[in-house]
Amino acid sequence: MPEGDVVYRTARRLGRALDGRVLVRSDFRVPRYATADLTGRRVLETVSRGKHLLTRVEGDLTVHTHLRMEGSWQISPAGRRVPPGDVVRLVLANTEWQAAGVRLGMVDLVATAEEHRLVGHLGPDPLGPDWDVAEAARRLARDPRATIGEALLDQRNLAGVGTVYRAETLFLAGVSPWRPVGEIEDVEGIAALARRLLHANRDRATRATTGDPRPGRDMWVYGRAGRSCLRCGHRISRGEMGAQPQERLIFWCRHCQPGGPTG
Ligand SMILES: [Zn+2]
């Protein structure tokens, strides 16, 4: 699932193709907006907010999209064929570029002043201009009984962290994902680490949290179940936590991150 860094880069790619240019085509292939037409309007800017994308258009309109599990925005020179079949949910094009939203998890068109109805619930965005580490820590600590693993994935606490950054952040913090937030002294330090990792990767096509982009060395724990911890040599554990099926996976090192289940 795309996390904050991928969505941030997607916003920049969309922005380079669309911002400042007048739309000559807008094709909403979702029933709710089948008749919406943005042609003739200039795109003002595209920004990311956690895992959400906001494309602001002249006339107080915002196109809100979310990649969810497997969505993407494919950008190509204007006039190229868009991907066939029913995978395209939205096409926005100007005379130079076209952007096809493929398998998007959400497509909305709202008044820009109403964006808060879609993204107002989100916590501070580590890649946003309004990042506030103290506020992120306050939100993470709201429910002291919640595990830090669940709290980190809750977009109301911190916007943009998914299963990869959750696992890597907690490894670097030396904190078991299973520890209740109320038992953790330095929640702010964890929020700051998550931000540091996302920030370090926001401009890179190849994600690495270890500083080593080689496959198998690029992550401390994520995707490394059963392999040796790069720091201590113990076997990396894999488990499931949380309610949403696609977001359950958690990887951690029982030795470097003590305090979780022992079995
Ligand atoms: Zn270890």
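When each of the peptides 101-111, 32-42 is scored by the mean number of other C-beta atoms lying within 10 Å of its residues, the order from highest to lowest reads 101-111, 32-42. Based on Cα contacts under 8 Å between residues 6+ apart, the range 1-148 shows a relative contact order of 23 percent. You can think of it this way: the chain between ASP132 and ARG32 has 32.4 nm of extra reach, that is 0.36 nm per residue less the Cα-Cα gap. Between ARG227 and SER72, the distance separating the two model label sites (each 7 Å from Cα on the Cα→Cβ line) works out to 2.2 nm. Would you please classify the overall shape of the range 47-101 from the alpha carbon gyration tensor, given that a ≥ b ≥ c denote the square roots of the eigenvalues, rounded means a/c under 1.5, and beyond that prolate means a/b larger than b/c while oblate covers the rest? Note, shape of the range 47-101 comes out oblate. For the range 134-254, the alpha carbon convex hull comes to 101 Å³ per residue, rounded to a whole number. Of the chymotrypsin sites (Phe, Trp or Tyr not before Pro) found in the range 147-211, none is in coil by DSSP with at most 11 other Cβ atoms within 10 Å of its Cβ. Counted residue by residue at 0.36 nm each, then reduced by the alpha carbon distance between them, the extension gain from ARG13 to THR112 reaches 33.6 nm.
Using only Cα positions of the range 4-120, each an equal point scatterer, no hydration layer, compute I(q)/I(0) via Debye at q = 0.19 Å⁻¹ and quote the log10 values to two decimals. For the range 4-120, the Cα-only Debye profile gives -0.97. With kT/(6 pi eta Rh) evaluated at 25 °C and eta = 0.890 mPa s, and Rh the Kirkwood radius from Cα pairs, the chain diffuses with a coefficient of 126 µm²/s according to Stokes-Einstein.
Coordinate-derived values only; no laboratory data. Note that the structure is predicted; figures quoted are calculated from it, not measured. When we count neighbours, we look across all protein chains shown, and the Cβ atoms used for this are built from the backbone with ideal geometry, even at glycine.
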